[in-house]
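Structure record follows, encoded as structure tokens.
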Amino acid sequence: MSPAAGHGHPDTTMRETLDHCVKCTICETQCPVARVTPKFPGPKFVGPQAERFRNGESVDDSIDYCSSCGICTQACPQGVKIAEINTIRRAEMRAGKIPVRDKLITQTTLMGKFMTPFAPIANMALGNKPIRKIVQAVVGVAEDAAMPPAQSQTVQGWLKKRKPPVKQPTREPIVFFTGCAGGYFEVETSKKTIEVLEFLGYEVLVPKQGCCGLAQQSNGLFEGARRDVLSLCDALLSAGKDLTIVSSSGSCAGMMKHEAHQILGVDDPRLLDVGTRMRETSEFLLEIMDEGVLTPEMFREINVTVPYHQPCQVKSQAMGMPALTVMESIPGVKVVDSNQPCCGIAGTYGLKKEKYEIAKAVGQPVFDMVKATNPNLGACDTETCRWQIEKHSGVKMVHPVELVHQALGLSNNLPV
């Protein structure tokens, strides 16, 4: 049975788009995976071309090497939902035979809860070559793959212990969606986002929340992903009705905006409510710049050239490049776009031993560009992409909100 069966999945609509394919091969030229390995014959072949021959089964296993970056869908001039079709069909192909490794690496919230109390030990283990070799041999996670750094404090832990903001709210409440990584691993990014929003006068509400299900979706675990999506909707909605939801986890924001509906087939009013009010942090900051809430006159000068890479799952949200515009509004900041489709990590794709070298080859142009532009500092909107780029370039990568935080005089710790 299709993983979409019985869930009102818009699979029929997705599949119908394949008839718009004119075999122009634009998607082939833009695919970051096909350009570095013959193991993936390209989105046109495994997408609209192979889809016509499928009957609940994949034509061949090459579809498993699709990273689900979504660049093909974005590039298609005919509107064919190539990446979405491929993700759904890959889940069908893998049904009943998903490796234990792929089930483990999708449990991001569980990983965070387990690692936080033992952060120093966890980080020592992550940096230990013999241990990583054993993990690769037994579990299948590449020994050199970029892994999230364990933190000794979660966002919720920080919120409980910190002093109340000195500045009282002067604007409406907004909800902050941390994402798993932002809640447990990229805690500093979440803290600085909250502080920026509070500085601008907003009351920031951070309800207890779980995973968006993106990692499970990417690995074909659709049922678990659906449960997580709706649980997260309930958590975010518990903070209040009709409130803007802001997230510094770019890929997680995209999951709630469109992927959970288009790929998982979640057709629930709660998701529609959350998705239409979801804003990635830079997207929200640009909106309030247009409204005059945040202005360039509020920023102090930062003389730095910043290499910037917009992740593929942020590109898929069709919101332009708000991070670039926001950063360049800071006096002295010059932003250089990577002009590359993908850094290769694609969530959990680059963690797998059989795909690690492919992921590294996909991202190499990004790594080279970042290092050549500024060997000290770069910016990127999603956590896993930052870990990937920092691992292979040696350059400290931050969310764009960290530059805003410093420009507002709230910190002074970036290596500019």
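Before moving on, here are some points about what is shown:
- Single match in LYS23, LYS44 (criterion: in contact with a helix residue (DSSP H, G or I) (Cβ under 8 Å, 6 or more places away or on another chain), modelled with pLDDT of 85 or more, basic (Lys, Arg) and at negative phi): LYS44
- Of residues in region 366-416 being open to solvent by 50 Å² or more (accessible area, probe 1.4 Å) and part of a helix (DSSP H, G or I), the one farthest from ALA150 (Cα to Cα): ALA372
- Of the helices (runs of 4 or more DSSP H) lying entirely inside region 119-212, those carrying at least 3 residues that are closer than 27 Å to PRO400 by Cβ are 119-126, 155-161, 179-184, 187-199.
- Residue match in region 337-360 (condition: open to solvent by less than 50 Å² (accessible area, probe 1.4 Å), over 22 Å from LEU214 (Cβ atoms) and β-branched (Val, Ile, Thr)): no
- Of the residues PHE284, PHE299, the single one that is crowded, with 24+ Cβ neighbours inside 10 Å, in contact (Cβ under 8 Å) with a residue 24 or more places away in the chain and more than 14 Å from the chain's Cα centre (by Cα) is PHE284.
- Matching entry among ASP242, ASP267 (being of a type in the set (D, E, K, R), in contact with a Lys or Arg (Cβ under 8 Å, 6 or more places away or on another chain) and not in a helix (DSSP H, G or I)): ASP242
- Every residue from region 302-338 that is over 20 Å from SER249 (Cα atoms) and free of Cβ contacts under 8 Å to residues at least 24 places away in the same chain: GLU328
- Filter result (outside any helix (DSSP H, G or I) and in contact with a strand residue (DSSP E or B) (Cβ under 8 Å, 6 or more places away or on another chain)) within region 270-302: MET278, ARG279, GLU280, ILE302
- Test: residue in region 129-140 that is in contact with a strand residue (DSSP E or B) (Cβ under 7 Å, 6 or more places away or on another chain), open to solvent by less than 20 Å² (accessible area, probe 1.4 Å) and in contact (Cβ under 8 Å) with a residue 40 or more places away in the chain: yes
- Qualifying residue in region 187-197 (condition: of a type outside the set (Asp, Glu), without any contact (Cβ under 8 Å) to a residue 24 or more places away in the chain and open to solvent by 30 Å² or more (accessible area, probe 1.4 Å)): no
- Considering region 327-336, the residues that are part of a strand (DSSP E or B) and open to solvent by 30 Å² or more (accessible area, probe 1.4 Å) include one that is farthest from GLN136 (Cα to Cα), namely LYS334.
The values are calculated or read from the model by the stated rules, or taken from the named source; none is laboratory data. Since this is a predicted model, take the numbers as computed values, not measurements. Glycine gets a Cβ as well: all are built from the backbone with ideal geometry, and neighbour counts include every protein chain shown. Accessible surface is based on the protein model in full, side chains and every heavy atom, while ligands, DNA and RNA are left aside. Shrake-Rupley method; radii C 1.70, N 1.55, O 1.52, S 1.80 Å.
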